[in-house]
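K.L.:
Below is a structure I'd like to ask you about.
No lab work stands behind these numbers, since they all come straight from the coordinates. Treat the numbers as computed from the prediction; the structure is a model and nothing was measured. Every residue, glycine among them, receives a Cβ derived from its backbone with ideal geometry; neighbour counts consider all protein chains shown.
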Amino acid sequence: QTPVLQTNNGPSLTGLTTIAAHLVKQANKEYLLGSTAEEKAIVQQWLEYRVTRVDGHPSKEDIRTLLKDLNSYLEDKVYLTGYNFTLADILLYYGLHRFIVDLTVQEKEKYLNVSRWFCHIQHYPGIRQHLSSVVFIKNRLYTNSH
Amino acid sequence: MRLFVSEGAPGSLPVLAAAGRARGRAELLISTVGPEECVVPFLTRPKVPVLQLDSGNYLFSTSAICRYLFLLSGWEQDDLTNQWLEWEATELQPALSAALYYLVVQGKKGDDVLGPVRRALTHIDHSLSRQNCPFLAGETESLADIVLWGALYPLLQDPAYFPEELSALHSWFQTLSTQEPCQQAVETVLKQQGVLALRPYLQKQPQPSAPEGKTVSNEPEEEELSTLSEEDIAMAVTAWEKGLRGLPPPRPQQNPVLPVAGERNVLITSALPYVNNVPHLGNIIGCVLSADVFARYSRLRQWNTLYLCGTDEYGTATETKAMDEGLTPQEICDKYHVIHADIYRWFNISFDIFGRTTTPQQTKITQDIFQRLLARGFVLQDSVEQLRCERCARFLADRFVEGVCPFCGYEEARGDQCDKCGKLINAIELKKPLCKVCRSSPVVKSSQHLFLDLPKLEKRVEEWLERTLPGSDWTPNARFIIRSWLRDGLKPRCITRDLKWGTPVPLEGFESKVFYVWFDATIGYLSITANYTDQWEKWWKNPEQVELYQFMAKDNVPFHGIVFPCSALGAEDNYTLVSHLIATEYLNYEDGKFSKSRGVGVFGDMAQDTGIPADIWRFYLLYIRPEGQDSAFSWTDMLLKNNSELLNNLGNFINRAGMFVSKFFGGYVPEMVLTPDDQRLLAHVTQELRHYHQLLEKVRIRDALRSILTISRHGNQYIQVNEPWKQIKGSEADRQRAGTVTGVAVNIAALLSVMLQPYMPTVSATIQTQLQLPPPACNILVTDFLCTLPAGHQIGTVSPLFQKLENDQIESLRQRFGGGQLEESLELKVKPSPKPAVVETVTAAGPQQIQVLMEEVTKQGNIVRELKAQKADKNLVAAEVAKLLDLKKQLALAEGKPLEAPKGKKKK
């Protein structure tokens, strides 16, 4: 279901990322949308990724590819834009939660960078909300599989 | 920065256009890579276009690249632009990539290509025309325009795939396409090869999954409040103050209704239901109910209106049914005609005539048209190879043959048309044909037949369509079907059949044959009118003065849009031809199709046994009317819409408005002193009323219903904000305010009662009685919002209009009618239903069990037929007949139908 936001002034807004970006601006937290042209474009790119690739009904195979790609992308990054926490991290965290909770310990190790990033975001103040906290084990169990 | 592109990758189009627009092209190094090359190191699957930034980062989303180029030029994106870009990514792209893949890689054509994107195109068109701006996000061009234009260009540059009725989309597209950066991008990417330039890239892509699932959403489209000018407000106030004087004098009732020169004369037909099928909800919404709403609306506008329908009674299916039930075809028709008439009466369908096709008038008019066609050389004679089932001893009508489609290989193609690919089939071309009755293989025999020479009439019908279609309200699907028929070229169509039950062919050598329903069913409209008035020709031979609206489901379009017009044009007798052909898509039941044989779905005669009033059925069916796309009936959704829209929104508002008048003002409408806020509300209501009129004039029935609900939502908000129940306890000024709010609210309720009449006639009448609405205001709807309940008017007793539907009630109905949880109901569960009268007779059986029983009935029926054919011993036959009757009884029970008394009459 696509969310719709009925605002007090002007027409309603439709779509998750549109509404989220609107609310971020309303709250005067524009920095969450990125500060340079490059960051802004990257934030929007991952927001689009969330609604086109993560949402809906991806197959098992799609989910594996998605985690693999993200894992390799995050290899040298703390956040999706690099060094700054943005809306992209928040929405991708919410979107991926349903897949991450189902991962086995072995899979969490396989997607180590995703796990590190995910664990970091879920401990970010005010982010986790009602979602369950996912447990990641610090000591590696399957060292030779990596 | 470096841009990676690939030959024919559609994403290059918006990216290059954006680069040209943002003048970033100079710094752009462009590299061409193969379609399967992985440019982005962290992505498993290949993706182009990709922009590698100087920092080393990659942008792999087309929209993000375009956005970046715009941002570099200092252009930020607003909410509306973001909304369009998100919509492009989530809705448009899946549909569009499917369409392009079908077109470019699979070589499909026509509706196969346009089908997936039609809804998205319409959405853009509506948004453009509603906001009345040249560009998507307002007065000036934005990123959204470039991205959407680039996505759509490959498809829309071919006029064949640009629905002509989308005029706002047209002008937007033209504006963008003529811009320099866009033209250059087109030049570079498509290289003057059109859409085929995309092939090298697309054929390397996996087949996109068809964007399904979203097509069955019954949710309303977003409602937007547009701005009001001071002038709008002043006009609304002036109109309001006119009160009842703002109404035109009522036009006198005539009987019979005949066209009047100088007036708008509206002739409305609903597709004739085939007599021996009990119509299901899909049939009802597809024609009779849709046409009824329009007919009622047309009468509210005081247009001179005649609405007719009737049962289509001739044909093989009737003969077969008669054989099964041991009656004559005439007796079958008499019996089922009454069933139909009762169903439509229960649904409150306001026919001026509900006739039938088995009348002397039908014979007279059909034979006359035929003679004229014959005399003018439009009838051919030829021998025809036909399928004959030796076991059933008869030629098989198209619908009684099933087999493999010669075009697409679909296994259950019918003898006349394939349900899968939609192509028309000549029954003998079917591979592996089977008789549907006895499942044996029919043989090909030859017989003499008459043909309508459609190729000879093609030019006339094309000329007529060229005159008729532009500016008319033909639905897009009807236009499309007609266009594809003409594009493929017309072929002679056989108009006779080897049957007894039909209109006799008045020609030597054809005494034992009758006209085929192709030819004569649509003439039924004329003969039904002729049975209503001997002056029928004033309607049907009067194209200058009569506007003909014909309602049907889309499978009926060729008969009404091509075949009948050909006959009528060829007869050269000044016949009235269809001005507006209104075709619906299909209505599904829950997640599947309605199926009589599997006992799935709600059929017309069962709706009354549910305890849910006819108006609630009408409302829900119209709310989900398959207008522009298929939709689905869902019990849960029906409960939701009843409880949220009817009970909490509409019912709540009308009831509160009336109750305030009764409780606080002794039943008399109070004085109203309008504040600027009230005046704005009047203008908003007027605007929505105008919108309702615009939609219904274009026969957009489902959308117009939304306007009613929007007005009542405004009304609820108005009451909520102004709190008359608190004001009434306050100072003199507060009390006056309470009076004004109550008075305005009850007048909105009065307006709603009239707007609601086409949709829910009984509820409308109830509201009007409760409010004691003056009679002239009850049956006329003008385009202004008038104060029809002036101060001092006394209203009647107010009571709630709607009842809540409960979960368990709906759950038990769902079980009863199948669909959803099919498997578990296999063991013949008996469910108590809300009405005790039907408990004894209704049991729910699973469709599988019903299927088994069906097959047994068919098998046993064949045994009986064979024995009879062999003139076997009477006792033996009687014993097998008894078995057959018993099986039929079980089947009826399993289907949840009331048992019929055993037939007294037996055919000798």
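K.L.:
Under unit Cβ charges (Lys, Arg +1; Asp, Glu -1), what dipole magnitude, rounded to 20 debye, does region B:224-296 have relative to its Cα centre?
P.N.:
Roughly 480 debye, rounded to the nearest 20.
K.L.:
Using the Cβ atoms and a cut-off under 10 Å, what net charge is assigned to the surroundings of residue B:312, where Lys and Arg are +1 and Asp and Glu are -1?
P.N.:
-1
K.L.:
Across the residues of B:78-90, average count of Cβ atoms on other protein chains within 10 Å?
P.N.:
Averaged over the peptide's residues, the number is 6.
K.L.:
Which shape class applies to region B:489-602: rounded if a/c is under 1.5, otherwise prolate when a/b exceeds b/c and oblate if not, where a ≥ b ≥ c are the square roots of the Cα gyration tensor eigenvalues?
P.N.:
oblate
K.L.:
Hey, another quick one. Tell me, for chain B, which Cys residues have no other cysteine's C-beta sitting closer than 4.7 Å.
P.N.:
If one checks each Cβ against the other cysteines of chain B, B:38, B:66, B:133, B:182, B:287, B:309, B:333, B:438, B:494, B:566, B:778, B:787 turn up with nothing under 4.7 Å.
K.L.:
Need one word for region B:543-674: rounded, prolate or oblate. Basis is the Cα gyration tensor (sqrt eigenvalues a ≥ b ≥ c); a/c below 1.5 gives rounded, then a/b vs b/c decides.
P.N.:
Verdict is oblate for region B:543-674.
K.L.:
Quick check on my link table: of B:859/B:883; A:29/A:77; A:110/A:138; A:68/B:47; B:491/B:513, which ones sit more than 19 Å apart, alpha carbon to alpha carbon?
P.N.:
Where the Cα-Cα span goes over 19 Å, the pairs concerned are A:29/A:77; B:491/B:513.
K.L.:
Show me, for region B:755-766, the HN-Hα J-couplings you get by feeding each phi into the Karplus relation (A = 6.51, B = -1.76, C = 1.60, θ = phi - 60°), rounded to Hz, glycine and proline as x.
P.N.:
My calculation for region B:755-766 gives 4, 7, 3, x, 8, 10, x, 6, 4, 4, 5, 4 Hz in order.
K.L.:
Taking only Cα atoms and a 10 Å spring cutoff, compute GNM fluctuations for chain A and point out the largest among A:130, A:97, A:57.
P.N.:
Of A:130, A:97, A:57, the most mobile in the Gaussian network model is A:130.
K.L.:
Could you list which residues have their amide H under 5 Å from that of residue B:280, counting only those 5 or more apart in sequence or on another chain, with H placed in the peptide plane?
P.N.:
Under 5 Å from the amide H of residue B:280 lie the amide H atoms of B:604, each far enough along the sequence or on another chain.
K.L.:
Here's another thing I want to ask about it. List every residue whose amide H lies under 5 Å from the amide H of residue B:600, counting only residues 5 or more places away in sequence or on a different chain, with H placed 1.01 Å from N in the peptide plane.
P.N.:
B:595
K.L.:
Continuing with this model, one more query. Which log10 I(q)/I(0) values, to two decimals, does region B:472-538 give at q = 0.15, 0.17, 0.20, 0.28 Å⁻¹ under the Debye formula with one point per Cα?
P.N.:
Those come out to -0.77, -0.89, -0.96, -1.07, one per q.
K.L.:
Which pairs in the list B:456/B:541; B:641/B:804; B:420/B:593; B:641/B:663; B:663/B:729; B:663/B:726 are over 19 Å apart, alpha-carbon to alpha-carbon?
P.N.:
B:456/B:541; B:641/B:663
K.L.:
Still on this model: Let's test the formula: R0 of 56 Å, r as the Cβ-Cβ distance of residue B:473 and residue B:324. What FRET efficiency results, to the nearest 0.05?
P.N.:
It comes to 0.85.
K.L.:
Give the shape of chain B as rounded, prolate or oblate, defined through the alpha-carbon gyration tensor: a ≥ b ≥ c are the square roots of its eigenvalues, a/c under 1.5 means rounded, and otherwise the shape is prolate if a/b is larger than b/c and oblate if not.
P.N.:
oblate
K.L.:
Ok, one more. Ratio of alpha-carbon Rg to the 2.2 N^0.38 Å globular estimate for the protein assembly as shown, to two decimals, please.
P.N.:
Here the answer is 1.05, to two decimals.
K.L.:
What aspartates and glutamates could a cross-link reach from residue B:191, if we take a straight Cα to Cα line under 19 Å and drop same-chain neighbours fewer than 8 places away?
P.N.:
B:7, B:158, B:180
K.L.:
Let me ask something additional. How well do other chains shield peptide B:43-51, expressed as the mean number of their Cβ atoms within 10 Å of each residue Cβ?
P.N.:
The shielding value for this peptide is 2.
K.L.:
Taking amide H positions as placed 1.01 Å from N in the peptide plane, with prolines and chain starts having none, which residues 5 or more places from residue B:353, or on another chain, fall under 5 Å of its amide H?
P.N.:
Close amide H contacts, sequence-distant or interchain: B:307, B:309.
K.L.:
Moving on to the next point. With θ set to phi - 60° and the Karplus curve 6.51 cos²θ - 1.76 cosθ + 1.60, what are the ³J(HN,Hα) couplings of region B:657-673 in order, to the nearest whole Hz, using x for Gly and Pro?
P.N.:
Karplus values, whole Hz, x for Gly and Pro: 4, x, 4, 4, 4, 5, 6, 8, 10, x, x, 10, 5, x, 5, 10, 10.
K.L.:
State the Cα centre-to-centre distance between region B:663-741 and region B:265-287 in whole Å.
P.N.:
37
K.L.:
Additional query: I'd like the distance separating the alpha-carbon centroids of region A:105-144 and region B:290-313, in whole Å.
P.N.:
Using only Cα atoms to place each centre, the spacing works out to 65 Å.
K.L.:
With labels modelled as points extended 7 Å from the Cα through the Cβ direction, what inter-label distance (nm, one decimal) is found for residue B:447 paired with residue A:129?
P.N.:
6.9
K.L.:
Further, regarding this structure: What are the ³J(HN,Hα) values, in whole Hz, obtained from phi via the Karplus relation 6.51 cos²θ - 1.76 cosθ + 1.60 with θ = phi - 60°, for each residue of region B:440-451 in sequence order, with x given for Gly and Pro?
P.N.:
8, 7, x, 10, 8, 10, 10, 7, 7, 9, 9, 10
K.L.:
Roughly speaking, what is the centre-to-centre gap between region B:66-134 and region A:27-63 when only Cα atoms are used, to the nearest Å?
P.N.:
First find each Cα centre; the distance between them is then 19 Å.
K.L.:
Let me ask another. Report, in deg cm²/dmol and to the nearest 500, the calculated mean residue ellipticity at 222 nm for chain B, where each DSSP H run with n ≥ 4 adds -39500 (n - 2.57) and the sum is divided by the residue count.
P.N.:
Calculated at 222 nm, the ellipticity per residue is -13500 deg cm²/dmol.
K.L.:
In addition: Net charge near residue B:724, counting Lys/Arg +1 and Asp/Glu -1 over other residues with Cβ under 11 Å of its Cβ?
P.N.:
+4
K.L.:
Going highest first, how would you order A:70-76, B:741-747 by mean Cβ packing within 10 Å?
P.N.:
Packing order, densest peptide first, comes out as B:741-747, A:70-76.
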